[in-house]
Amino acid sequence: MSSSTVELTKDNFDEVVAGSGFVLIDFWAEWCGPCRQFGPVFERAAQKHDDLVFAKVDTESQPELAAAFEITSIPMLMIVRDNIAVYAQPGALPEPALEDIIRQARALDMDEVKASVVQAQEKAEGEAQAPGTDA
């Protein structure tokens, strides 16, 4: 791991993610071939975008974090902006695709994203409180 990436553990996860406005998280494992292929791409992006936080979660040494995020395929790239996961997809991305995803995540209107999250939560709460229907 280079100095441009942070190793996330269950002990520092909340501090790093909550304390940063824009975090890219690579869930990976040493034994995973595609993870090893994606690692250098992630590192180069970290060096290029030094205003963002690039973090790695070793799913072998941090099984609690992998379980908390229901990680079933690795590598898994997750982008968190303002404590909201705005992107999560498995697979080793080529450099142009990663750059495009970063560009799109930067372009998001976070006020709009937050409003849609609130709306979805209110809808879910309303459905949970609605009288039962035949199931």
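The values are calculated or read from the model by the stated rules, or taken from the named source; none is laboratory data. This one's a predicted model, so the numbers in the text were calculated from it and none came from an experiment. So basically every Cβ, Gly included, is an ideal-geometry build from the backbone, and we count neighbours across all protein chains shown. Please note that ligands, DNA and RNA were not included when accessible areas were found on the heavy atoms of the full protein model with its side chains. Shrake-Rupley method; radii C 1.70, N 1.55, O 1.52, S 1.80 Å.
Observations, loosely collected:
- Qualifying residue in region 59-72 (condition: touching a residue at least 60 places away in the same chain (Cβ under 8 Å), in contact with a strand residue (DSSP E or B) (Cβ under 6 Å, 6 or more places away or on another chain) and of a type outside the set (D, E, K, R)): no
- Residue satisfying all of: in region 114-129; under 24 Å from the mean Cα position of the chain (by Cα) and not charged (D, E, K, R); surrounded by the most Cβ atoms within 10 Å (Cβ to Cβ) among these: Val117
- Complete set of residues in region 53-80 that are among the aliphatic types (A, V, I, L, M) and either open to solvent by 20 Å² or more (accessible area, probe 1.4 Å) or part of a strand (DSSP E or B) (or both): Val53, Ala55, Val57, Ala67, Ala68, Ile71, Ile74, Met76, Leu77, Met78, Ile79, Val80
- Selected residue (criterion: nearest to Val80 (Cα to Cα)) from residues of region 17-48 that are out of contact with any strand residue (DSSP E or B) (no Cβ under 8 Å at 6 or more places or on another chain) and surrounded by 18 or more Cβ atoms within 10 Å (Cβ to Cβ): Val41
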